[in-house]
Each structure stands twice: as C-alpha cells, then as structure tokens.
C-alpha cells in the first residue's frame, strides 16, 4: 500500500496535469439539471442511479461529453470494465479521441490486462507523436494506475519529440517527487526556475519542502551548488541556497550568500538600494534569535554602503 504522503502527491499531480487539458463543451441547457442530479448521485456513491441518468442524457445527445465521461466514471466504480471497453470502442468508430483512446487503455489495465493497456497507450503516442496533450493524457492514465516510472518515461519521450518552452519540467518534477527521487526533482525545478524566474516563490516552496527530510538536505544543496558553479551570478539560485541555510540555522553560510547577492546586484541598482539583501537577512536573523549574525549584517551595510537607505 502506498504511503499517505505518496498518495497525496499522486493526487496533486493528477490535479496539476488535468489543468493542461481543454475544458469540455457545456451541455445543452435542458439537460444540465439531469447532469447535476446524476452528479449528486455520484457523490452519494449511488453509481447505478447516476449511470442510468447519464445514459439517458447520452442517448438524447451522443455529443454530450459530460454525460459520456459520467458513464465511464460510473462503469469504472461499478467495475463493469467490459461494458466500458465496448462503449468506448463503439464511440471510437465514430470519431477518434485521444482521451477516449487513453481511457480504453485504462479500462484494460483495471480489468487486469496490462499488456493490452500498454499497447493502446503506446499507440496513442505513436499516432500523436507531436501532440503534447497525448503524452500528458497517457502519463495521467499511468499515474492513476500507479505506473510512475512508466509515466516518467513518457514525459522523457515527449521532451524529445515535442517542441515546448518548458519541456514538461513540472510534470517530471512532480513525478520524481512521488518516486522520492529528489535529485532529479530538484534539477527539474531549477530548470523550470531558469525559464520562469517569476515563479521563484513556487519553486522555493517545493524545494524547501524537501528539506524537511534531513536525508534529502544535502541532495538539494549539492544540486543548487552545481548549478551555481555554472551560473554564479544567478541571484535566484543564491536566494534558494540562502533560504535552505536559514531553515537549517546555518547562519554563517546564509550570510555569505546574502553578501554575494548584494555584490552581484550592486551594479544594477541605485546606491540607495545597496545592502537590501543584507538587511533582509539581518531582520530574519533577529527574528530567529541569531543576534550576532544580525549585527554582522547591519555592520556591513554601515561600513560598505554609506549611501544606502538601509544604514
């Protein structure tokens, strides 16, 4: 059985990747009330009644995607996999759909036929080799089936075949986290940060979360330092490093990084802003009771930045 933390991470990943999909068309107004009722029965776990209503809506309007999705969900919960497989096959004869084809693989997997599921998922990717959504749909299905390593392989393949500004970095970071492969997770987050510097807070929360585990701290520090060896003036990386040091109460190391941040930024800022990072460190050190380190930071500002508004 999966640990609770891993289960939580899996559901967070599924929620994340689902947002990449295009929202379905809205149902016809006259059928909305029936869909709402069916959804309520689903929430009450009365899947037979919900299925009956969804079927009724679908018969009236075979193009109704919410109804069709509802039928698939209910058949899944009722473990009526053969019915679901026949339903999807019938629909696929009318029109090709990446989602439906991927779901077909999922029902085969749930039925116990993993070989057929893998064959179908592989086919989805082969038929849509340049479509990012196809890779995400297949990886999503694999994650739901707890095939995490296979999902990682799908995104690696997508990175090779699909031109993307972000190269599936967050998806891979989430999956590596689920797998407790923090080294690769940190690498993906750092790559994402490089392309999306405005997402610093998001990346910082993710990486600082890893440091709750003492066994993972050095992995995080090593990966950030490796990146800094190639990009020594990247202040986002230094701020990440300093943040970890502060969390570990390694104030000497944190002060060193804040000093370097000020040195790097000094040429691009007005003199009145010099020492801004040292001031931030000093205030944080005061809050943490590291009074001597706070005193060091404030003393550097007074001595080194006479025109600073922070002196």
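A short reminder: the numbers here are calculations on the coordinates, not readings from a lab. All values reported here derive from a predicted model rather than from experimental measurement. Please note: Cβ atoms are built from the backbone with ideal geometry, for glycine as well, and neighbour counts cover all protein chains shown.
Can you report the principal axis dimensions of the chain using only the alpha carbons, biggest first, rounded to whole angstrom?
79, 39, 37
Build a GNM of the chain with springs between Cα atoms under 10 Å: which of 73, 230, 99 gets the top mean-square fluctuation?
Judging by the Gaussian network model, the answer is 230.
Can you tell me which of 258, 108, 291 moves the most in a GNM of the chain? Springs connect C-alpha atoms under 10 Å apart.
Looking only at 258, 108, 291, the largest GNM fluctuation is found for 291.
Convex hull volume of the Cα atoms in the range 183-311, per residue, in Å³? Intermediate values should be presented prior to the final figure.
Values: hull volume 13.4 nm³, N = 129.
Once divided by residue count, the hull of the range 183-311 is 104 Å³.
Report the Rg/Rh value for the range 89-165, based on alpha-carbon coordinates and the Kirkwood definition of Rh.
Details: Rg = 12.0 Å, Rh = 12.4 Å.
With Rg and the Kirkwood Rh in hand, the quotient comes to 0.96.
Mean 1/r over all different Cα pairs, inverted: what Kirkwood radius does the range 198-237 give, in Å?
Working: mean 1/r = 0.0924 Å⁻¹.
With all distinct Cα pairs of the range 198-237 included, I get 10.8 Å.
Could you work out how far apart the two model spin labels at residue 196 and residue 82 are, taking each label as a point 7 Å from the Cα in the direction of the beta carbon, and quote it in nm?
Placing both labels 7 Å along Cα→Cβ, they lie 4.5 nm apart.
Quick one: what Rg and Dmax do you get for the range 43-118 from the alpha carbons, in Å?
12.2, 36
Just to compare against my own numbers: the Cα pair-distance distribution for the range 94-235, 5 Å bins, whole % per bin, please.
In whole percents, the pair-distance histogram is 2, 10, 18, 18, 17, 13, 9, 8, 4, 1, 1, 0.
Between the range 137-174 and the range 260-311, what is the separation of their alpha carbon centroids in Å?
43
How high is the relative contact order of the chain, in percent, with contacts defined as C-alpha pairs under 8 Å that are six or more residues apart? Before the final figure, lay out the partial values.
Numbers: 332 pairs, mean separation 28.4, N = 311.
Value for the chain: 9 percent.
Between the range 43-121 and the range 203-228, how many Å separate their Cα centres?
Rounded to whole Å, the Cα centres lie 42 Å apart.
For the range 122-172, compute Rh as the Kirkwood radius over C-alpha pairs and then the Stokes-Einstein diffusion coefficient at 4 °C and 1.567 mPa s; write the answer in µm²/s, rounded to an integer. Kindly include the intermediate steps, with their values, before the conclusion.
On the way: Rh = 10.7 Å.
For these conditions, the coefficient is 122 µm²/s.
Stokes-Einstein diffusion coefficient for the range 231-298 at 4 °C in a medium of 1.567 mPa s, Rh from the Kirkwood formula over Cα pairs: what value in µm²/s? The partial results should precede the final answer.
Values: Rh = 11.9 Å.
Estimated diffusion coefficient is 109 µm²/s.
Rounded to the nearest 0.05, what FRET efficiency is calculated for residue 60 and residue 122 with R0 set to 30 Å and r the Cβ-Cβ distance?
Working: r = 36 Å, r/R0 = 1.19.
Step by step, r from the Cβ atoms, then E = 0.25.
In 10 Å bins starting at 0, how do the alpha-carbon pair distances of the range 144-206 split up by percent?
Result returned by the calculation: 23, 52, 24, 1.
Normalised radius of gyration for the range 22-149, please: alpha carbon Rg relative to 2.2 N^0.38 Å, two decimal places.
On the way: Rg = 14.9 Å, N = 128, 2.2 N^0.38 = 13.9 Å.
So the Cα radius of gyration is 1.07 times the expected 2.2 N^0.38 Å.
Between residue 46 and residue 113, what FRET efficiency follows from the Cβ-Cβ distance if R0 is 41 Å, with the result rounded to 0.05? Each step should come with its number before you reach the end.
Working: r = 29 Å, r/R0 = 0.70.
For R0 = 41 Å, the calculated efficiency reads 0.90.
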